[in-house]
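Worksheet: the structure to be examined is printed underneath.
Just so you know, all these numbers are worked out from the coordinates, no wet-lab data involved. Please read these numbers as outputs of a predicted model, since none were measured by experiment. All Cβ positions, glycine included, derive from the backbone under ideal geometry; neighbour counts span all protein chains shown.
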Amino acid sequence: MHFASLIRPATPADAAGIAHVHVESWRSTYPGMLPDGYLVGLSAATHEKRWRGLLSGAGLPRGRRTFVAQGPDGGILGFASCGPQRTGLPGFGGEFYALYLLDQAQGQGVGRRFLAAMAQHLLAAGTRTALVWVLRDNPSRYFYERLGGDLLAEQPISFAGARLREVAYGWTDLVPLARLAADPPVGG
Ligand SMILES: CC(C)(COP(=O)(O)OP(=O)(O)OC[C@H]1O[C@@H](n2cnc3c(N)ncnc32)[C@H](O)[C@@H]1OP(=O)(O)O)[C@@H](O)C(=O)NCCC(=O)NCCS
């Protein structure tokens with residue numbers, strides 16, 4: 001099914017939609033990577049509360065921005081989040097923190113448009129470079145390769161009691177990425 005979608009900055013009213021995408025997409029992306037018990041226990045209500053706090057007032061730390069993709073019926077199909085790099089890898093000012101789409105919204109260019117929106121935000125904030133950390137076993141890592149990310153690093157990570165490995169992809173110039181949003185902001 002094709003979804004025409006609008007990508008726009010998130011507001012506190014999007015908290016429930018983001019939480020729904022978060023839970024659904026983690027449950028469909030991470031089986032076999034994260035412990036079953038953790039995925040079963042994910043709570044949309046908990047994430048909604050967290051996101052409402054983050055998106056309200058001064059909740060989001062300086063420089064951070066969250067975007068949502070909104071379908072024609074107003075429902076939230078995906079979200080993405082970026083800001084200053086948090087992990088201390090030298091040479092990369094920005095970071096893509098999260099990018100998740102409902103299954104039915106994947107494969108239609110929405111992820112590419114999200115990456116472009118985040119690159120535009122970071123460039124406007126004066127940051128020309130960025131990286132993303134992704135679980136090594138997550139096939140979505142090849143999406144970042146497809147969009148020009150260079151493999152930078154690999155490191156162990158503990159999450160929900162599991163010992164995992166994550167890899168970083170980096171962009172030394174966000175300008176080409178920002179230009180990928182050649183399509184108009186509404187429709188498409
Ligand atoms: C990863 C994700 C955000 C990509 O978004 P998407 O809307 O499905 O991707 P797009 O349709 O914009 O694809 C852009 C390009 O990347 C390619 N691509 C997308 N996913 C890919 C994958 N897993 N492997 C290789 N290439 C991929 C597409 O074929 C397309 O290539 P093209 O230039 O030839 O057209 C989305 O699939 C998703 O939400 N995955 C599950 C959650 C997840 O793992 N998120 C990342 C956590 S760090």
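Could the peptides 83-90, 14-21 be put in order, highest first, of the mean number of other beta-carbon atoms found within 10 Å of their residues?
Peptide ranking by packing, descending: 14-21, 83-90.
Once the Cβ-Cβ distance between Thr87 and Arg112 is put in as r, and R0 is 22 Å, what FRET efficiency do you end up with, to the nearest 0.05?
Once the sixth-power term is evaluated, E becomes 0.40.
Net charge near Ala10, counting Lys/Arg +1 and Asp/Glu -1 over other residues with Cβ under 12 Å of its Cβ?
My count for the surroundings of Ala10 gives +3.
Which one, Gly109, Gly78, Phe143, projects farthest toward the positive side of the charge dipole computed for region 6-178 from Cβ point charges (K/R +1, D/E -1)?
Gly78
Report the label-to-label distance for Arg62 and Ala45 in nanometres (one decimal), using points 7 Å from each Cα along the Cα→Cβ vector.
Label at Arg62, label at Ala45, 3.7 nm between them.
By DSSP, what percent of the beta bridges with both residues in region 6-178 are antiparallel, rounded to the nearest 5?
If we restrict to bridges inside region 6-178, about 90 percent are antiparallel.
Please work out whether region 82-188 counts as rounded, prolate or oblate from its C-alpha gyration tensor, where a ≥ b ≥ c are the square roots of the eigenvalues and a/c under 1.5 means rounded, while otherwise a/b larger than b/c means prolate and anything else oblate?
Oblate, since a/c reaches 1.5 and b/c is not below a/b.
When the chain is treated as a GNM, springs tying every alpha-carbon pair under 10 Å, which of Arg113, Arg163, Arg52 comes out with the largest mean-square fluctuation?
Arg163
Just want to confirm a number: the relative contact order over region 6-178, from Cα pairs under 8 angstrom separated by 6+ residues, in percent.
Result for region 6-178 is 21 percent.
Go ahead and set up a Gaussian network model of the chain, Cα springs under 10 Å, then flag whichever of Ala116, Ala98, Ala130 fluctuates most.
The residue with the greatest mean-square fluctuation here is Ala98.
Near Leu34, within a Cβ-to-Cβ distance under 11 Å, what is the net charge of the other residues, with Lys and Arg +1 and Asp and Glu -1?
Neighbour charge sum, excluding Leu34 itself: -1.
Count charges around Leu174 for me, please; just the other residues with Cβ under 15 Å from its Cβ, Lys/Arg as +1, Asp/Glu as -1.
My count for the surroundings of Leu174 gives +2.
With θ set to phi - 60° and the Karplus curve 6.51 cos²θ - 1.76 cosθ + 1.60, what are the ³J(HN,Hα) couplings of region 57-74 in order, to the nearest whole Hz, using x for Gly and Pro?
Calculated HN-Hα couplings, in order: x, 8, x, 7, x, 3, x, 7, 8, 10, 10, 10, 9, 10, x, x, 8, x Hz.
Is the C-alpha gyration tensor of the chain telling us rounded, prolate or oblate? Criteria: a/c under 1.5 is rounded; beyond that, a/b larger than b/c is prolate, otherwise oblate.
Verdict is rounded for the chain.
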